[in-house]
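The values are calculated or read from the model by the stated rules, or taken from the named source; none is laboratory data. For clarity, every value in this text was computed on a predicted model and none was experimentally measured. Here the Cβ positions follow ideal geometry from the backbone for every residue, glycine too, while neighbour counts run over all protein chains shown.
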Amino acid sequence: MKMRICLWLLFLLGWTNGTGQDWNLDLDKAELEQHIRFLASDELQGRYTGSPGNRVAARYIAEYLRAQGCKTVEGAEGYFQVIPFESVAPPTNASLKIGETTYELGKDFFLSNGGATSLEGKAVFAEHGWIDEKAGIDHFAGLELQGKLVYVWSGKPGSRDPQEAFAASKLKRKWAAERGAAALIEVYRLPFPWQFLLNYLNRENLTIADPDNTAADLVYGMVNEKSDEPFESMKEGKGVLTKLETSGVQKQSRRSSNVAAVLPGSDPELKQEYMVVSAHYDHVGVGKQGGFPYGQDSIFNGARDNAIGVASLMLTAKALAQAPPKRSVLFLALTAEEQGLIGSSYFVENPLIPLDKIVFNFNTDGAGYNDTSLVAVMGYDRTGVADLIDKGTEAVGLTVVADPAPEQGLFDRSDNVSFARKGIPALSFSPGFRAFDQALMKNYHQVSDEASTLDYDYLYKYCDAFIRTARLIADHPDRPFWVSGDKYEEAGKTLYQRR
Ligand SMILES: [Zn+2]
């Protein structure tokens, strides 16, 4: 009789686990709050990539994952995937003159590369500075670039896409440097405000040090001259004089890491496959805000962006470690998201696990929330896991809203897109909002994004939904894949050789 009851109990337990309806998550609201309050504390100084606060956050996450029994991954330094960052700050002094017009640094032009230089002479103009052999385009053909200051239109010919313009800029610098140019200045003609670009590029920026960069010494920048006239004159060979002086950009190496830890799967076959659970832990650091009447706060705490996500990742590791799902799970706390998704880009270019073994990226990131009945999912119905998200979310009494602000392009703005571009099915889980409105913007990248202003009853449910959904996907017999016609479907077919 006793035996029978035991079997019955075992059967019951097994059955509930198997259907994914209920687990002993042991999800502790106080612990969730503890992680968020620590990560978003003033002491961590906004977790700016490479800063001491950023590294303390990484250590905190790594030691927590170790304590849950997660393993290190081969190729990492312990739990850290160290990234060789380089910070580049604008020159303290620079001046630019084209013909009789003088441009002001930080207002009319900026320089983001190159050492101390003084150049004076006849300017060279090379259209878009573009080469496309198939189309018979070579804007540098017949021009003498050696030691010259070269002007080109910004962007890629025939394209108004900002992403393409940035990618094109990199190529132009390479081509100009290979032809011996001393400096390349792009003439601003992009479809977004000059001031926006200036704010973004005329400040300290982080990049990954690239030893193969042939344009490492090229002086590079952009000028906001609205008239075509001086450049038309250069094209006609009228001999426009130009003068550029710069004290040189200031470069410094910086160390920051992705945190990576694996929970091995429980199924002998499916454990060969990995789901990546990711959340970025960096934020934007300390600013110059504050002063009357807002007090002296200058710390961007990043509680919503993205201490919530990191705490959710940590508690997912704890919950899944209690009863590992069939697939292996790689917990990946990413750095430098705020610097342009650098941590996730670095991971997919230098994967610690072969990319074709990663079957899904389950990311969490957020600007905040303004509806505590919801979970917002970017990429909800794009990879065949919508019913699993519904199930995980409804179990805690929340409702899913799919990509509520399509105009913001949020799917392509967080780390999940680095995986998607490689073909890996991906999504981003966010706290609930129906629109990217004032209520959300109030805290987005503001010093007011503090842990003390959060609704922990709601976040408990959010985290619970995240954990449940993660488990359902990691356990599901079918691998997720892009729905037919998705913009990342082709990349997926290539990656997994599904042809
Ligand atoms: Zn974020």
Of residues in the stretch 83-100 being surrounded by fewer than 13 Cβ atoms within 10 Å (Cβ to Cβ) and touching a residue at least 60 places away in the same chain (Cβ under 8 Å), the one nearest to ASN199 (Cα to Cα): THR92
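One line per residue, one yes/no per condition, for (1) out of contact with any helix residue (DSSP H, G or I) (no Cβ under 7 Å at 6 or more places or on another chain); (2) surrounded by 22 or more Cβ atoms within 10 Å (Cβ to Cβ):
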{"position": "ALA465", "(1), (2)": "no, yes"}
{"position": "ILE473", "(1), (2)": "no, yes"}
{"position": "HIS476", "(1), (2)": "no, no"}
{"position": "TRP482", "(1), (2)": "no, yes"}
{"position": "GLY492", "(1), (2)": "yes, no"}
Check on ASN258, of a type in the set (S, T, N, Q) and touching an Asp or Glu at 6+ places or on another chain (Cβ under 8 Å): no
Exclusive hit being part of a strand (DSSP E or B) and either of a type in the set (D, E, K, R) or within 24 Å of ILE208 (Cβ to Cβ) (or both), set GLU120, GLU164, GLU144: GLU120
Answer residue from the stretch 309-324, given it is surrounded by 23 or more Cβ atoms within 10 Å (Cβ to Cβ) and polar (S, T, N, Q) and is farthest from the ligand (Cβ to nearest atom) among those: THR316
Any chance SER253 is away from the ligand (no atom under 13 Å from the Cβ) and closer than 27 Å to GLY366 by Cβ: no
Matching option when the condition is in the same structural domain as MET314 (by TED's automatic domain parsing), buried (at least 17 other Cβ atoms within 10 Å of the Cβ) and at pLDDT below 95, among PRO425, PRO431, PRO404: PRO404
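So that you can scan it fast, the table gives a plain yes or no per residue for (1) within 15 Å of ALA261 (Cβ to Cβ); (2) at pLDDT 95 or above; (3) of a type outside the set (Val, Ile, Thr):
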position	(1), (2), (3)
ALA321	yes, yes, yes
GLU338	no, no, yes
TYR346	no, yes, yes
PRO354	no, yes, yes
VAL375	no, yes, no
Filter pass, GLY290 being within 16 Å of the ligand (Cβ to nearest atom), assigned by TED's automatic domain parsing to the domain that holds LEU352 and at pLDDT below 95: no
Within the stretch 198-222, tally of residues that are surrounded by fewer than 18 Cβ atoms within 10 Å (Cβ to Cβ) and hydrophobic (A, V, I, L, M, F, W, C): 4
Close pairs (8 angstrom Cβ cut-off, 6 or more residues apart or separate chains): part of a helix (DSSP H, G or I) and among the acidic types (Asp, Glu) in the stretch 301-322, near the ligand (Cβ under 10 Å from one of its atoms) and modelled with pLDDT of 95 or more anywhere: ASP305/HIS283; ASP305/ASP365
